[in-house]
Amino acid sequence: MVEGNKELGGRLKENLKRYFFAGLLVFLPLAITLWFLGWIISIMDGLFDFIPVALRPSSYLPFAVPGLGALFTLGLILLLGFMATGLVTRRALAVWDRLLIRIPVFRGVYTSVQKLIGSIFNQDQGGRQVVLIEYPRKGIFTVGFATGHAGGELGTKSEDRLINVFVPTTPNPTAGFYLLVPEKDVTPLQMTPEDAFKLIVSGGMITPEEKSK
């Protein structure tokens with residue numbers, strides 16, 4: 001009888017352990033996804049802090065609407081995109097752009113981010129080759145974006161031709177590291193920048209299929 005109880009208890013323990021880990025496989029991806037989306041929405045909701053109090057939804061709505069900032073940000077992006085494609089508004093944005101780059105401290109950050117985002121999200125594949133490099137040490141590899149050859153003083157300080165490589169971080173690909181990598185150590189990949197972003201954001205769980213040559 002005692003042996004039977006021990007065997008029953010052992011099976012129950014194994015079943016509980018199996019159910020627990022099976023539940024984790026379902027729960028964790030959902031929880032992490034909801035946390036990540038909540039973090040993004042909270043950042044977007046914070047954009048309302050930059051508009052006058054009288055115009056904020058919280059000043060005239062009887063209750064808070066979560067995600068309203070996300071809709072506002074999406075609408076703002078679409079509006080700016082519409083303006084950027086129009087002839088008249090495009091010229092106005094160009095004037096505004098020239099005014100921004102005249103601000104000493106603001107200019108350095110703004111122009112750097114503008115070029116980085118433009119090189120990665122531009123529809124033209126040129127200038128944003130997805131590459132494989134050894135980083136942060138030899139024998140460890142990571143995926144990055146080659147944005148061109150190092151020029152000026154940087155191009156003359158090494159015997160090897162250097163490549164500008166941006167290595168995004170996981171799960172936030174807008175942050176990362178700027179590296180100067182010898183051209184011989186850079187391996188071009190066939191995957192698109194969009195596939196590379198999926199790979200990086202998912203921590204390697206979404207792997208693009210190998211493209212036929």
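Annotations for the structure displayed:
- When residues of region 143-176 are limited to those that are hydrophobic (A, V, I, L, M, F, W, C) and either touching a residue at least 40 places away in the same chain (Cβ under 8 Å) or exposed (fewer than 12 other Cβ atoms within 10 Å of the Cβ) (or both), the one farthest from Phe197 (Cα to Cα): Ala146
- Those residues of region 122-144 which are farther than 13 Å from Asp185 by Cβ, at pLDDT 90 or above and not β-branched (Val, Ile, Thr), in sequence order: Pro136
- Every condition in (1) polar (S, T, N, Q); (2) farther than 30 Å from Gly38 by Cβ; (3) modelled with pLDDT under 85 is met by Thr187 except one, and the failing one is (3).
The values are calculated or read from the model by the stated rules, or taken from the named source; none is laboratory data. Keep in mind that this is a model prediction, so the values were computed, not measured. A quick note on method: Cβ atoms are made from the backbone with ideal geometry, for glycine too, and the neighbour counts reach across all protein chains shown.
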